[in-house]
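Reading through the structure tokens given below for one structure.
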Amino acid sequence: MLTVGASLQIEDNTKPAEPLKEAKEHVPQNDPQFLLMDAVTETVTIGTLPPLHFLNETVFEKTASERTDEENILSRTSEQRSDLISGVYEGGLKVWECTYDLLELIEKDGETFGGKTILDLGCGAGLLGILALKRGAKQVHFQDYNSTVVEQLTVPNVILNCQEDDKVDSDDEEGSGKGKIQEKFGSKIKVKEEKDVEEGSPAPKKRAIDLSEQPLLAKCRFFSGDWSTFLALVKKEDPQPKYDIIFTSETIYNTAYYPTLHETLHKLLSLGGLVYLATKSHYFGVGGGLHLFETFVEQRGIFSLDHLWDGEEGLQRHVVVLRFKMPKDT
Ligand SMILES: C[S@@+](CC[C@H](N)C(=O)[O-])C[C@H]1O[C@@H](n2cnc3c(N)ncnc32)[C@H](O)[C@@H]1O
């Protein structure tokens, strides 16, 4: 049983059954063409933000049998038809909707991230970190629970966005895309594009990436693993990284993870830094949500939490910001 606040008690039945994943750093090894092989890409454009490109989640279902997946999450998620298997797969293979809420807020707010150090915590596809990278961040670190997500989605997405935008655009003009589907939701435009892949064409060869040719990629680091072991790993570094901005979207669904999440934010946020957290009010079937997390944060007494945006439609969604309490606040 986990006690959250004086009057709230939650059944702590969400603890993962399997041992938590040990953290490790991933250094991109493969040629971009190899990582982007058979790619079905999407591009999301929100107002004046630079377009963000990412691999469509269906590619993993279609090509699961051809992919190396030591964690065995690709087959498990499609067999179990599950977006989340606690302690095994934490949902990073698709873009969750609160990511778009936070992108829209950044668009309105005008934050540029110039010269800042950024952590995209629980990054999945990594769109938030990628935006910061494209807008001039000094360094962007991406962390996801699953190594498969980092290697097969986050890294390829960063590479996709590091390639010059006009390369992607000129490919479109030449009509090399097999098919394009455009969807518009408010200020957000999503374009899904299937690339031509010739039957029987030889698979591109793996080559090491030359980081000198990828200046944006050279500003990035990638980590997988549970938050507690990720924190232990980066704390060993000298100097220990501290981040001006930590993004974390759709990561507070499981109350069992609140202590390690809070500790990670506490130890890795720089003084004066900001945590942008995007979330639903409640996660049915898992139990967590904003109210429980707010109560938890309040009890710990380390951060103040302010609402930046509260959605009103359907299942409510929110964007909040956490910052260290000033001595006068405590
Ligand atoms: C629902 S996904 C959201 C992915 C992405 N932020 C988005 O909005 O599309 C939750 C993410 O939180 C991360 N996560 C959840 N629990 C974690 C834990 N205990 N340790 C490390 N990462 C965790 C996973 O990496 C996972 O990708």
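In segment 295-306, the condition of being at pLDDT below 95, of a type outside the set (D, E, K, R) and out of contact with any strand residue (DSSP E or B) (no Cβ under 6 Å at 6 or more places or on another chain) is met by no residue.
Matching residues to (1) crowded, with 20+ Cβ neighbours inside 10 Å; (2) touching a residue at least 12 places away in the same chain (Cβ under 8 Å):
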position: Thr255; (1), (2): yes, yes
position: Glu263; (1), (2): no, yes
position: Gly285; (1), (2): no, no
position: Glu298; (1), (2): no, yes
position: Ile302; (1), (2): no, yes
position: Glu312; (1), (2): no, no
position: Pro327; (1), (2): no, no
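On the stretch given as segment 227-243, residues that are surrounded by 20 or more Cβ atoms within 10 Å (Cβ to Cβ) and not hydrophobic (A, V, I, L, M, F, W, C) total 1. From the list Gly87, Gly114, Gly92, exactly one residue is among the small types (Gly, Ala, Ser), assigned to a loop (DSSP other than H, G, I, E, B) and more than 28 Å from Asn254 (Cα to Cα). Which is it? The conditions single out Gly114. Test Ile73 against the criterion of being surrounded by fewer than 18 Cβ atoms within 10 Å (Cβ to Cβ) and more than 10 Å from the ligand (Cβ to nearest atom), and give yes or no. So Ile73 fails the test.
Give me the residue from segment 81-98 that is more than 7 Å from the ligand (Cβ to nearest atom) and β-branched (Val, Ile, Thr) and, out of that set, farthest from Val286 (Cα to Cα). Out of the qualifying residues, it is Val88.
Take the conditions (1) of a type outside the set (S, T, N, Q); (2) in contact (Cβ under 8 Å) with a residue 60 or more places away in the chain; (3) more than 10 Å from the ligand (Cβ to nearest atom); (4) more than 19 Å from Asn157 (Cα to Cα); Phe60 misses just one of them, which is (4). Filtering Ala132, Ala125 for residues that are modelled with pLDDT of 95 or more, within 14 Å of the ligand (Cβ to nearest atom) and more than 27 Å from Thr255 (Cα to Cα) leaves a single hit, Ala132.
The values are calculated or read from the model by the stated rules, or taken from the named source; none is laboratory data. Everything quoted here is computed from the prediction, not taken from an experiment. No Cβ is skipped: glycine too gets one built from the backbone with ideal geometry, and neighbour counts run over all protein chains shown.
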